[in-house]
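Shown next, in structure tokens, is the structure this report addresses.
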Amino acid sequence: MTSAEKTLWSAPSASRPVTANVRVPGSKSATNRALVLAALADSPSTITGGLRARDSVLMVAGLRVLGVEVDAGEKLAAPVWRITPPKQLHGGDVGDVARVDVGLAGTVMRFLPPVAALADGPIYFDGDLYARSRPMGTLLQSLRDLGVRIDDGDRGTFPFLVEGTGTVPGGLVELDATASSQFISALLLAGSRYEHGVEVRHVGGPIPSQPHIDMSVEFVRAAGGTVDASEPGRWVVTPSVLRGREWSIEPDLSNSAPFLAAALVTGGTVTVADWPAATTQAGDALRHLLREMGARVELTTAGLTVSGGAGVHGLEADLRDVGELTPTLAAIAALADSPSRFTGIGHLRGHETDRLAALAREINGLGGDVVEEPDGLLIRPAKLHAGVFATYDDHRMATSGAVLGLAVPGVEVEDIATTGKTLPDFPAMWAAMLGADGDRDPDGAHETPAPTGAHS
């Protein structure tokens, strides 16, 4: 489908300060880590509050290809999912290769090949067209170093064949994870099942998205695995039995970003329910980042409340650990009263799209003043106008356009349905927040429920 053929969504503008209570669905990062560990466990597991969206649907489908039973309802809408691992993960039979579709999901394309290496036959991996442009060579070479046979035609990306033999020797691997922290997480999640475990040593520059690695370590330990992360840039996973358990998934804090941004840019108040007091989620950084951009922020037992009204200010910040927040922060910065500079995010060029180039192109297309820098973005105040905001099949680009539309009448976001990757029913949630849908609470706030099957 060409850009001209994609459906345009008229981003609603806010005629008054937004006042709403919002529930966001479960964390994609947590859901897919829990699914992988449940598939590698010695007994069944349950997952409560898991995300029902394209990325988790693809993960479930991929695990089923490997012989894992996942009882999650016809549309993953059951409140509790049950995962039953097989005694032996399965690959294809002779002359019949098992096939896994990774879509454009980073967690699926990076986490499943190390798991598939433990299967007893070949597994063919492919995905959406743009998946073939995402960094994969480092992970494929790391798996080869650990004793896995992979046929990728020397391309270093999709499609490729993992020739599972039922076991992986494991051991020491050195890699450069500056392109994606998921290379490390992928090996940590599967390493407990390798014969000699895995020792991962990072040999490159600063690693992006460190909180996601911390989450992986926490999850492996919660499943009964042993991870030594005491030395910076080195992780040692010893061979061990992973236990089936109950997993309770937190709300996706990064997906709360556009809703909290709405409070700041409209001078309103938005509360995201069930915000954890302590978490490894990168989205928790919104608390201090939005405060620095002019918001009042309060964490209570009811959730995280963000209020605007004192203006929107520019921000200088290193976003290396929280790069996924960049599209929303860039939208806020384009509406600010002073310049912003975001650094440490060169790795975003390898996400669903080149997010730095895409953000600069689309905001500037609305009259903005964004300069793409080698490792980040410089965003200066400018008067924005109506126009089309392209999304490049990137869910966070789509929500960024929605934030801009709150303050700029006439913004049309291309292919808003791409938000279904991690945030199903986003248009309905957005409309409810703005009061176009839903009932008012006694205090005047609109209750914006999480999508069907999401964490509550």
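For the stretch 430-439, the count of residues that are modelled with pLDDT of 95 or more, closer than 20 Å to residue 251 by Cα and crowded, with 24+ Cβ neighbours inside 10 Å is nonzero. Close Cβ contacts (under 7 Å, 6 or more residues apart or on different chains) running from residues in the stretch 216-244 that are over 14 Å from residue 199 (Cα atoms) to residues that are modelled with pLDDT under 95 comprise 218/280. For the stretch 53-76, filtering for residues that are at pLDDT below 95 and either out of contact with any strand residue (DSSP E or B) (no Cβ under 6 Å at 6 or more places or on another chain) or not aliphatic (A, V, I, L, M) (or both) leaves 10. Taking strands (runs of 3 or more DSSP E) as the structural unit, those lying wholly within the stretch 18-81 and holding at least 1 residues that are farther than 26 Å from residue 403 by Cβ and assigned by TED's automatic domain parsing to the domain that holds residue 103 correspond to 45-48, 69-71. Out of curiosity, is residue 108 under 20 Å from the mean Cα position of the chain (by Cα), modelled with pLDDT of 95 or more, in the same structural domain as residue 169 (by TED's automatic domain parsing) and closer than 28 Å to residue 351 by Cβ? So residue 108 passes the test. All conditions but one from (1) out of contact with any helix residue (DSSP H, G or I) (no Cβ under 7 Å at 6 or more places or on another chain); (2) modelled with pLDDT of 95 or more apply to residue 346; the one that does not is (2). Within the stretch 148-186, being hydrophobic (A, V, I, L, M, F, W, C) and out of contact with any Phe, Trp or Tyr (no Cβ under 8 Å at 6 or more places or on another chain) holds for 148, 172, 173, 179, 183. Under 24 Å from residue 291 (Cβ atoms), surrounded by fewer than 17 Cβ atoms within 10 Å (Cβ to Cβ) and either assigned by TED's automatic domain parsing to the domain that holds residue 206 or not charged (D, E, K, R) (or both), is that true of residue 409? When the stated conditions are applied, residue 409 does not pass them. Residue 192 meets all of the listed conditions (1) out of contact with any strand residue (DSSP E or B) (no Cβ under 6 Å at 6 or more places or on another chain); (2) more than 21 Å from residue 136 (Cβ to Cβ); (3) crowded, with 19+ Cβ neighbours inside 10 Å but one, namely (1).
If the condition is being within 23 Å of the chain's Cα centre (by Cα), of a type in the set (Asp, Glu) and over 21 Å from residue 270 (Cα atoms), then the stretch 294-324 contributes 318, 321. Considering only residues in the stretch 228-253 that are of a type outside the set (A, V, I, L, M, F, W, C) and buried (at least 24 other Cβ atoms within 10 Å of the Cβ), the one that is farthest from residue 406 (Cα to Cα) turns out to be 251.
Determine whether residue 256 is within 25 Å of residue 27 (Cβ to Cβ) and outside the structural domain of residue 420 (by TED's automatic domain parsing). No: the conditions fail for residue 256.
The values are calculated or read from the model by the stated rules, or taken from the named source; none is laboratory data. What you are looking at is a predicted structure, and each value in this text was computed from that prediction instead of being measured. Cβ sites come from the backbone with ideal geometry, for glycine too, and all protein chains shown count toward neighbours.
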